[in-house]
Structure formats: structure tokens, C-alpha cells
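Encoded as C-alpha cells, the structure appears first; notes follow it.
Throughout, read-outs are computed from the coordinates displayed, never taken from laboratory work. None of the values given here were measured: they were computed from a predicted structure. With ideal geometry, Cβ positions are generated from the backbone for all residues, glycine too; neighbour counts draw on all protein chains shown.
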Amino acid sequence: MWFWFALGSAVFAALTAILAKIGIDGVDSNLATAIRTVVVVIMAWGMVFLTNAQGGLSQITKKSWIFLILSGLATGLSWLCYYKALQVGDASKVVPIDKLSVVITLVLAFVFLHEQFTVKSAIGCALIGVGTILMVI
């Protein structure tokens with residue numbers, strides 16, 4: 001089931017780039033990010049209440065709160081940078097560079113989460129890196 005959610009994520013991320021590039025025309029990138037964030041917040045809390053998950057709030061540990069907040073800050077910074085890049089650059093160049101996050105995530109997962117980094121992972125990272133360079137030059 002994870003595969004279908006991951007594929008959905010990729011499709012919606014692609015739509016995000018195209019819709020954002022169209023929508024950001026003539027709009028300050030920070031304001032555009034704020035508007036997008038409000039929509040995401042409403043959708044996320046809507047899903048919490050729709051699935052009756054709000055009871056889990058009291059069970060979240062201090063460690064989880066800290067890391068979820070840090071993740072939220074990283075997401076916010078990523079979105080601010082992404083929208084500014086989309087505003088001043090071509091989506092066909094911004095998006096591949098943004099997707100270098102795949103390579104960075106694999107390296108960070110190996111270093112900090114001690115996940116397996118195989119020859120296959122290394123080749124995949126190299127191909128993504130080379131592919132990104134080819135797409136933006």
C-alpha cells in the first residue's frame with residue numbers, strides 16, 4: 001500500500017509545481033507560501049478529525065513534539081525556498097534540483113538513521129545526481 005501513497009505523493013508534488021508556477025505569477029513568493037500553508041493546515045486538521053485521530057494528541061512524547069516541530073520548520077523553509085525559486089526560475093529547472101532531496105535523504109538516512117546504503121542505492125543516487133545536472137544545464 002505504501003507504493004500507491006508514494007506514487008500519489010509524486011503525482012501531487014508534480015501538480016504542486018505546475019499549479020504553483022501558474023499561481024505565483026505576480027504574487028510575492030512568501031505570501032504564496034503562506035496561502036498554500038493555510039490550505040495544507042486546513043486539509044491536515046480536516047483529515048485528523050475525519051479519521052478521529054485527535055485523541056492521539058495527548059500520547060505524543062516530548063521527543064516526538066520536538067522532532068515534529070523541527071520537521072515543520074524544515075518544511076516551512078523548504079517551501080519558502082521552493083516558491084522563491086519557482087517565482088524566479090523555470091519549473092523545469094527548479095523541480096529537478098528540488099528532487100535532489102532524494103539523494104540528500106538517502107545520505108542522511110544512512111548517517112543518522114543507520115539505514116542500509118547498498119550499491120544499488122549508491123548507483124541510484126549517482127544517476128539522480130547526473131540526471132539532475134543534465135536537466136538543468
Prolate/oblate/rounded call for region 73-137, Cα gyration tensor, a/c under 1.5 rounded: oblate
Contour minus Cα-Cα distance for PHE5 and LEU100 (0.36 nm per residue): 32.2 nm
Region 2-88, relative contact order in percent, only Cα pairs under 8 angstrom and at least six apart counted: 60 percent
Simple spin-label estimate for LEU68 and THR37 in nanometres, 7 Å along Cα-Cβ: 1.8 nm
All lysines inside 24 Å of LYS99 as judged from Cα atoms, apart from same-chain residues fewer than 8 positions distant: LYS21, LYS84, LYS120
Separation of alpha-carbon centers, region 74-88 and region 123-137, rounded to whole Å: 21 Å
Gyration tensor verdict on the chain (Cα atoms; rounded if a/c is under 1.5, prolate if a/b is larger than b/c, oblate otherwise): oblate
Note, ³J(HN,Hα) from phi for region 37-45, Karplus 6.51, -1.76, 1.60, rounded to Hz, x at Gly and Pro: 5, 4, 4, 5, 4, 4, 5, 5, 5
Of LEU73, LEU100, LEU57, the one that fluctuates the most in a GNM where the chain has Cα springs shorter than 10 Å: LEU57
Contour excess over end-to-end distance, with Cα ends at LEU108 and ASN30 and 0.36 nm allotted per residue: 25.3 nm
Zone of THR16's modelled label, taken as backbone nitrogen in region 108-123 under 20 Å from a point 7 Å along Cα→Cβ: 108-109
Anisotropy class of region 25-65 from Cα gyration tensor, a/c 1.5 cut: oblate
